[in-house]
Amino acid sequence: MSPVTYKSMRRPIERSNQHFRKAIKRLPLGVTSNFRYWGDDKTIYVQKGKGARLWDLDGNEYIDYRLGYGPTILGYGDPRVDEAAREGIKVGGVFALSTELEYVVAERIAKMVPAAELVRFSNSGSEAVMAALRIARAFTGKDSYIMLEGGYHGIFDASLWYAPMENWDPAKGDPEITAESAGVPQSLRKMLHMVPLNDANRLEDVLRQHGNSIGAFMIEPMMGNCCSITATKQYLHDAKVLCERYDVVMIVDEVKTGFRVARGGIQELMGIKADLCTFAKAIANGYPISVVAGREDIMRRVGDGVTHGGTFTCHSVSLAAANKTLEILDETSALETIADYGSRLQKGMGQILSNRHIPYSFVGHPSMGGLFFSDRAPDNYRDWAKTDYTFYDSLALHLHDRGVLCEPDSREPWFICEAHDDACLDQTLAAFEQAVDVTIDQLKNKTQLAS
Ligand code: PMP
């Protein structure tokens, strides 16, 4: 990730800067995830979060639409979940043995997601997808796999590949698949095929040519790391049929959409049933736990040749938090509240943009919507490259200065939690209006300077 370039930062972040100078001596980039580094003098550190807001070390208050990239579905420090977590502490942690609650939470998941016939827990999204890929390979006996351009499935070697779109020249054919990190062995590249979303013909071509070596198709039907660009129902249907025809396991990665866009995730919205599916972020309102789940005949390979486990799987605190969070999501109207806020936010933003004759479109679901400055929403990552995202890049930084924390990278959607309330909405829209005007002025000045 390249450092964020603020043109003119208005708010003070001196304490964060001071902390950065200390932290960089002990922690690479001064942080514990590369994505949290926004530049040597721009990286902010959190003092605390509560509800839909967080405060940085300098006391700047933000309404947060990043929400840890999605896990905070109810709000930071939700008292109902934290109380359950405190009960979980009393159970004792991890034992290298199982507890009864694992079955209870697995039952909840199976009730909410019909594809989850059998369930295994892990700690992070990456671990769950890594397990899904291993199970799919074991089940089919085939090692190669397909990913979508713009898809993201975690921090493990098989998934750390991408199709660079920033400088892509359509005249030169497909973008060149590139490792997202040094240290990812180039030898892995030959097992990976990449296709654009919503093009079943391309998928079929790849399967026709390489189907005898491809065991898995990993797909986020709503690309949570690519502006929430969404598959059509027709594409998902065609993809499922093709996967069946070529004996390929369809892994629906719901790490971001799961228990967020609907109780049964994107599969419920799209009317599909995955062979395997993965969940993580929203399951426990931020406590670390993830899930690989799916068809019984495939999942039974776990324990029948496939290794799965881990010292910290099903820590008693995470499990208790998951049980409570899923209960709330299943039995209350939290998800409806979240979607309603997201819709009102998009309506308000849309009005502000329309009043200024700025073309825009929203993509995905109101609980995790992508904002585009183009009146036609993209169908896939190639379309995104053709939109003008420079407006967003400037706007995001003016929003930060006005207490609205969205991701500076336009490919990340805006996440909503249950704690976003009317006060958040009013404040966000007021800040949005100001930030849009400042951005218009700034870009006008830039054009004038250039001409
Ligand atoms: N899959 C998807 C769709 C994700 O969005 C992410 C994280 N952004 C992951 C997998 C990896 O999850 P984690 O960061 O918990 O390892």
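The values are calculated or read from the model by the stated rules, or taken from the named source; none is laboratory data. Just so it is clear, the structure is predicted and the values come from calculations on it, not from any experiment. Quick reminder, even Gly has a Cβ in these numbers, built from the backbone with ideal geometry, and neighbours come from all protein chains shown. Note: accessible area is taken over every heavy atom of the protein model, side chains too, but ligands, DNA and RNA are not part of it. Shrake-Rupley method; radii C 1.70, N 1.55, O 1.52, S 1.80 Å.
Counting pairs of Cα atoms in the chain, how many percent are more than 39 Å apart? Value for the chain: 20 percent of Cα pairs lie more than 39 Å apart. The label-point distance for Thr390 and Lys50, in a model that sets each label 7 Å from Cα toward Cβ, rounds to 4.3 nm. Per the Debye calculation on segment 85-125 with a single equal scatterer at every Cα and no solvent contribution, log₁₀ I(q)/I(0) for q = 0.25, 0.27 Å⁻¹ amounts to -1.00, -1.06.
I'd like the distance between the alpha-carbon centres of segment 220-240 and segment 259-295, rounded to an integer number of Å. Computed from Cα coordinates, the inter-centre distance equals 15 Å. Note that segment 363-376 has calculated 3J(HN,Hα) couplings of 10, x, 10, x, 6, 7, x, x, 10, 10, 9, 6, 7, 10 Hz, one per residue in order, obtained from phi through the Karplus relation 6.51 cos²θ - 1.76 cosθ + 1.60 (θ = phi - 60°); glycine and proline are x. Sorted on the mean count of surrounding Cβ atoms within 10 Å across their residues, most packed first, peptides 23-36, 116-129, 288-301 read 116-129, 288-301, 23-36.
Determine Rg/Rh for segment 1-128; Rg is computed over alpha-carbon atoms and Rh is the Kirkwood hydrodynamic estimate from the same atoms.
1.06
Restricting segment 1-101 to GluC sites (Glu not before Pro) that sit in a DSSP loop and have at most 11 other Cβ atoms within 10 Å of their own Cβ leaves nothing. Listed peptides 224-233, 147-156 appear in the order 224-233, 147-156 once ranked by packing, highest mean of other Cβ atoms within 10 Å at the front. Each Cα pair under 8 Å and six or more residues apart adds its separation to the average, and for the chain the resulting relative contact order is 21 percent. If only the Cβ of Lys and Arg carry +1 and only the Cβ of Asp and Glu carry -1, the dipole of segment 146-222 around its Cα centre is close to 280 debye. Counting only protein heavy atoms and a 1.4 Å probe, the chain has 43 square angstrom of accessible area per residue.
In units of the compact-protein estimate 2.2 N^0.38 Å, segment 176-317 shows a Cα radius of gyration of 1.12. Using a cut-off of 28 Å between Cα atoms, the listed pairs Lys90/Lys281; Lys50/Lys256; Lys233/Lys386; Lys142/Lys240; Lys25/Lys446; Lys25/Lys48 include Lys25/Lys446 as exceeding that distance. Between Asp40 and Asp169, the modelled label-to-label distance comes to 3.5 nm, taking each label 7 Å out from Cα in the direction of the beta carbon. What is the list of residues in segment 298-331 whose amide nitrogen lies under 15 Å from a point 7 angstrom out from the Cα of Asp82, following Cα to Cβ? Those under the cut-off are 321. Placing +1 on the Cβ of every Lys and Arg and -1 on the Cβ of every Asp and Glu, with nothing else charged, gives segment 55-150 a dipole about its Cα centre of roughly 560 debye. In summary, the aspartates and glutamates within cross-link reach of Lys444, defined as a Cα separation below 16 angstrom excluding same-chain residues under 8 places away, comprise Asp388, Asp393. In segment 302-389, the C-alpha radius of gyration followed by the widest Cα-Cα span (Dmax) gives 20.3, 61 angstrom.
The mean sequence separation of alpha-carbon pairs under 8 Å and at least six residues apart, normalised by the residue count of segment 367-425, gives a relative contact order of 43 percent.
With an 8 Å Cα cut-off and a minimum separation of 6 or more residues, compute the relative contact order for segment 42-116 in percent.
19
The rule of thumb for compact globular proteins, 2.2 N^0.38 Å, goes into the C-alpha radius of gyration of segment 355-451 1.12 times.
Placing unit charges on C-beta atoms (Lys and Arg positive, Asp and Glu negative, everything else neutral), compute the dipole magnitude of segment 217-318 about its Cα centre in debye, rounded to 20.
That gives a dipole near 260 debye.
Considering only protein heavy atoms and a probe of 1.4 Å, how much of the accessible area of the chain is carbon and sulfur, as a whole percent? Spell out each step's value before the answer.
Numbers: 9840 of 19480 Å².
Its accessible area is 51 percent carbon and sulfur atoms.
With the charge dipole of the chain set up from +1 on Lys and Arg Cβ and -1 on Asp and Glu Cβ about the Cα centre, the Cα lying farthest toward the positive end among the listed residues Leu57, Gly369, Gly294 is that of Leu57.
Which trypsin sites (Lys or Arg not before Pro) in segment 326-424 pass both tests, a DSSP loop state and at most 13 other beta-carbon atoms within 10 Å?
Hits after loop and neighbour filter: Arg356, Arg376.
I want the antiparallel fraction of DSSP beta bridges within the chain, as a percent rounded to 5. The partial results should precede the final answer.
On the way: 28 of 45 bridges.
If we restrict to bridges inside the chain, about 60 percent are antiparallel.
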